[in-house]
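Just below is one structure, and these are the notes that go with it.
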Number of protein chains: 2
Amino acid sequence: MNRRIVVTESEQAPRGRATAEMVAARAKVSRVAVSRAFNPHTSLKPEKRELILKVAQELNYTPDRAARALVSGRSHLVGVIVPDVCSHWESQEIDALTTALQAEGFATLLFKTRTDYSMDEQLLAYMRGFNPDSVIAFVENVKPHTLARFLDRAVPIYIHYPQAELADDAGDEPLHDRLNVLQRDGVEQAVALLQGFGAKRIAYLSGAEKSRANGARERMLRQVMAERGLAPPVVAGGDFSYDAAYQATIDLFRVGEGADAIFAANDVGAFGVIDALRHELKLRVPEDVKVIGFDDIAQSHWKSYNLTTVKFDLDERVRALVRLILRRLTTPDAPGFQETLNTRLVVRGTVG
Amino acid sequence: MNRRIVVTESEQAPRGRATAEMVAARAKVSRVAVSRAFNPHTSLKPEKRELILKVAQELNYTPDRAARALVSGRSHLVGVIVPDVCSHWESQEIDALTTALQAEGFATLLFKTRTDYSMDEQLLAYMRGFNPDSVIAFVENVKPHTLARFLDRAVPIYIHYPQAELADDAGDEPLHDRLNVLQRDGVEQAVALLQGFGAKRIAYLSGAEKSRANGARERMLRQVMAERGLAPPVVAGGDFSYDAAYQATIDLFRVGEGADAIFAANDVGAFGVIDALRHELKLRVPEDVKVIGFDDIAQSHWKSYNLTTVKFDLDERVRALVRLILRRLTTPDAPGFQETLNTRLVVRGTVG
């Protein structure tokens, strides 16, 4: 099984694209030097790199990554599996990640999962066809064992909430790299602030039912509340969206027994909570009901919300993800890498 | 210049990946049929396609697009050039486009431009290296002539505002395909509604100064206001962001002479306007000042804003973009294609 596929240079260079040889000849350097000039991870004298890039620009030459991918085994593509690009949290993540990856010579390839969190095998097979160098996924969208089976080289990166029970991927085998998010500090600061301002009946506005991020957040909240002598939270069923949070909040007060504080699984949900309290239920925030979110997205400082929230720092997160990608490319067979980040409370106007 | 590059099958099939030949043998079909089964644009008997895909799944086989790209000249990648993935408008567009493209067998490749709208040649050369089948860009981020020079095969798609003056790309040569957006209807309905509710001093909260979308919007507003006997709008200088809109609105009333209505270049700007009016200037919306936005992003129905706005329909836009991509791939040498979409006013609670 060593069949040879023959590809002619002319197929790689449609419409008279300049070749590396042409650049090498004009710049009076070797063909290898031209390759090195275009790879930011190889060393080359600055003036030599500058000359080569200048000549390449004159000749309108760039290396063809599709051709290079077959030889180097690198596609320079990083797949990101997301359920919802236009969720605020995801889009801010993708934006920052694309900027950071571009600086390292990679491009971001987006794959959308189904919104019911059941990423099917067809989509995984589809993604594999693009041969990404790395894949970033959330454990709730696709399981590590399933994903690993569908990737030839890429080692996926998962975002984990380690205090939570993650029964079916508890193994420590190097199937994937991890970004661990410690929720305790932020959640504990949030509950302490609510207690400090006299909250007694704290409700949890949940994210999507099947979401592991949601499950981990609720478990951490219950644990911290129990430790601090509070009764377990009433749960209002949301799905991370504004509209579901809006309706759930109305139900909590009109059908249920209400609450004097609401901890929302994400900031967008907290916006729905605040708008339902103020515009539908005619309650004041924070005087009648205190609200805390989770994420600290860019919209949380908008004056209509001015949300007190648990921050999972975007810049730190992106830097950690890029470090994981680069480490894995450098040492493809190393055991699973881990990075760990913390959360903290950002105090604004919805508690107090 | 017909140098041959030899690639062995083993390099394409790392870690024992199944080959198309193995699938063909097991399914008792030809190698060509296996290829056809994975291409949604070729005809094949449904039961035959189903059998092949079933066998392929059993063998854990998927075609390698990197290898196929060299032979077919297609990368199945669609590049999207955006200044800001996390802007609400862009992220909703990317989300819908990724879903639609995935259904057609393509993946979305993101490229970020500089926020000063000066996409430099280095980034274009970088993008070319990924050999996209198509590229979607906004004319304000990169000029058609510049972009065309950097692509080998892909014909870029531009979003145009045809009533505006676009001096440096006025030519009709088939350098690119176009999605034309007619702003007149929506802007005229907006101004008529403001007039109908007695507005006399209408201000324009601008987008980024160098943005052509902003320029086209302002010119259309001036034209419509002149036709309807209104004095030209006072311009408050924003940049499409919430924060700039917030500050510009405060300046408009504290330093300038205020206004009884504000037309914002985009919805996020309108949110900044509303929050500055209510929370800083203690003015009522819509009683004291009426506000209209542009886009109708998903957040515009949120109760804190409940924004009256000019809608540029997202689903229509994405369907038109996908049609342009598929038409161009089918007939690569056809003259420039065009699709045209209209805008309309969506009336909510910020005028009246």
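Key figures for this structure:
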item: Residue match in segment A:80-92 (condition: modelled with pLDDT of 80 or more, out of contact with any strand residue (DSSP E or B) (no Cβ under 8 Å at 6 or more places or on another chain), at the interface with chain B (Cβ under 8 Å from one of its Cβ atoms) and surrounded by 17 or more Cβ atoms within 10 Å (Cβ to Cβ)); result: yes
item: Selection count where residues are farther than 30 Å from A:VAL191 by Cα and acidic (Asp, Glu), scope segment A:327-352; result: 1
item: Flag for A:THR19 being in contact with a strand residue (DSSP E or B) (Cβ under 7 Å, 6 or more places away or on another chain) and either surrounded by fewer than 22 Cβ atoms within 10 Å (Cβ to Cβ) or modelled with pLDDT of 85 or more (or both); result: no
item: Among the residues listed as A:LEU326, A:LEU283, the single one being away from chain B (no Cβ under 14 Å), out of contact with any strand residue (DSSP E or B) (no Cβ under 7 Å at 6 or more places or on another chain) and either at pLDDT below 90 or part of a loop (DSSP other than H, G, I, E, B) (or both); result: A:LEU326
item: Output for segment B:245-257, where each listed residue is in contact with a strand residue (DSSP E or B) (Cβ under 8 Å, 6 or more places away or on another chain) and either within 14 Å of chain A (Cβ to nearest Cβ) or surrounded by fewer than 21 Cβ atoms within 10 Å (Cβ to Cβ) (or both); result: B:ALA245, B:THR249, B:ASP251, B:GLY256, B:GLU257
item: Residue, modelled with the highest pLDDT, within segment B:143-172, restricted to residues that are of a type in the set (A, V, I, L, M, F, W, C) and under 21 Å from B:ALA216 (Cα atoms); result: B:ILE157
item: Some residue of segment A:308-327 being more than 18 Å from the chain's Cα centre (by Cα), of a type in the set (Gly, Ala, Ser) and on the phi < 0 side of the Ramachandran plot; result: no
item: Out of B:VAL268, B:VAL318, sole residue that is buried (at least 21 other Cβ atoms within 10 Å of the Cβ) and either within 14 Å of another protein chain (Cβ to nearest Cβ) or not in a helix (DSSP H, G or I) (or both); result: B:VAL268
item: A:LEU175 being at pLDDT 75 or above and either in the same structural domain as A:ALA226 (by TED's automatic domain parsing) or more than 20 Å from A:LYS311 (Cα to Cα) (or both); result: no
item: Odd one out for A:ALA208 among (1) of a type outside the set (Asp, Glu); (2) closer than 20 Å to A:GLU257 by Cα; (3) surrounded by 15 or more Cβ atoms within 10 Å (Cβ to Cβ); result: (2)
item: Residue within segment B:190-202 that is of a type in the set (S, T, N, Q), in a loop (DSSP other than H, G, I, E, B) and at pLDDT 90 or above present; result: no
item: Residue that is surrounded by the most Cβ atoms within 10 Å (Cβ to Cβ), among those in segment B:22-40 that are modelled with pLDDT of 80 or more and among the basic types (Lys, Arg); result: B:ARG26
item: Some residue of segment A:205-226 being in a helix (DSSP H, G or I), in contact with a Gly (Cβ under 6 Å, 6 or more places away or on another chain), at pLDDT below 95 and closer than 30 Å to B:ALA298 by Cα; result: yes
item: Any hit, segment A:105-119, residues being more than 8 Å from every other protein chain (Cβ to nearest Cβ), at positive phi and modelled with pLDDT under 75; result: yes
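The values are calculated or read from the model by the stated rules, or taken from the named source; none is laboratory data. The model shown is predicted, which means the values in this text are computed figures rather than measured ones. Cβ coordinates were reconstructed from backbone atoms using ideal geometry, including for glycine residues, and neighbour counts include every protein chain displayed.
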